[in-house]
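To start, the structure under review is shown below, and the notes come after it.
The values are calculated or read from the model by the stated rules, or taken from the named source; none is laboratory data. What you see is a predicted model, and the numbers here were worked out from it, not measured in a lab. We place every Cβ from the backbone using ideal geometry, glycine too, and count neighbours over all the protein chains shown. Surface areas here come from the heavy atoms of the whole protein model, side chains and all, with no ligands, DNA or RNA. Shrake-Rupley method; radii C 1.70, N 1.55, O 1.52, S 1.80 Å.
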Amino acid sequence: MKLERILPFARTLLERAISSGNYVVDATLGNGHDTLYLAKLVGETGHVYGFDIQKEAILATNKRLDEENLSERITLFHSGHEELKVKIPVEHHGKLTAAIFNLGYLPGGDKSIVTKPDTTISAIEQLLELLAVEGIIILVIYHGHEEGALERDHLLQFVETIDQQRAHVLRYQFMNQKNNAPFIVAIEKR
């Protein structure tokens, strides 16, 4: 297949946006896969700020980073991503180059605990202030469950209203897939 699948495409966008020494955000830690990937991209002089409301996600991410000896590159917050503006140090405001969200629920966790459109939209608005020019926000939208479909609808309605002078907004989706396959919305600050 010559078209990139959803998750590899998200990583391609991250690789284009992140250089060694950059500051980035993992807005939904999950099991730490993206956090580890980001830690490798930012190198020894960069830093990753990670957020999750579930202790299980914090523990899984810490374990994954410890196994790779990369914990010093990360600050994890047992907090929702809507708190990122107050949690990320002021000296890094305007210097973030990327953020990623994997929306929905923690894989292998409690499926009743899901991301919510109001907190996700709040985090996006904050990130648009905190990103450097050409910084990117990647939303991986899992919408195969009732709450996910609701969040998808609210997010799509919101991102379509972002002024084109403020950011470019891209939707990357395979249109003929069954079972509500995930898709990406990428937002690049202008």
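See the values below:
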{"read-out": "Residue selected from region 119-141 under the condition over 15 Å from H168 (Cβ atoms) and out of contact with any Phe, Trp or Tyr (no Cβ under 8 Å at 6 or more places or on another chain), by the criterion surrounded by the most Cβ atoms within 10 Å (Cβ to Cβ)", "value": "L130"}
{"read-out": "Answer residue from region 20-42, given it is open to solvent by 10 Å² or more (accessible area, probe 1.4 Å) and in a loop (DSSP other than H, G, I, E, B) and is farthest from A98 (Cα to Cα) among those", "value": "N31"}
{"read-out": "Residues that are small (G, A, S), farther than 22 Å from R11 by Cβ and in contact (Cβ under 8 Å) with a residue 40 or more places away in the chain, drawn from region 116-149", "value": "S122"}
{"read-out": "Those residues of region 1-18 which are in contact with a helix residue (DSSP H, G or I) (Cβ under 8 Å, 6 or more places away or on another chain) and open to solvent by 30 Å² or more (accessible area, probe 1.4 Å), in sequence order", "value": "E4, R11, E15"}
{"read-out": "Failed item in (1) surrounded by fewer than 20 Cβ atoms within 10 Å (Cβ to Cβ); (2) farther than 22 Å from Q126 by Cβ; (3) in contact (Cβ under 8 Å) with a residue 24 or more places away in the chain, with L59 passing the rest", "value": "(3)"}
{"read-out": "Subset of region 43-83 that is of a type in the set (V, I, T) and not in a helix (DSSP H, G or I) - its residue that is nearest to the chain's Cα centre (by Cα)", "value": "V48"}
{"read-out": "Tally of residues being hydrophobic (A, V, I, L, M, F, W, C), open to solvent by 80 Å² or more (accessible area, probe 1.4 Å) and within 14 Å of D26 (Cα to Cα) across region 62-114", "value": "0"}
{"read-out": "Single unsatisfied condition, V48 versus (1) of a type outside the set (F, W, Y); (2) touching a strand residue (DSSP E or B) at 6+ places or on another chain (Cβ under 8 Å); (3) within 23 Å of S112 (Cα to Cα)", "value": "(3)"}
{"read-out": "Residues that are out of contact with any Phe, Trp or Tyr (no Cβ under 8 Å at 6 or more places or on another chain), aliphatic (A, V, I, L, M) and under 24 Å from T12 (Cα atoms), drawn from region 77-104", "value": "A98, A99, I100"}
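Let's see how each residue does on (1) within 18 Å of G135 (Cβ to Cβ); (2) among the hydroxyl-bearing types (S, T, Y):
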| site | (1), (2) |
| --- | --- |
| G46 | yes, no |
| D52 | no, no |
| K55 | no, no |
| A60 | no, no |
| K63 | no, no |
| S71 | no, yes |
| L76 | no, no |
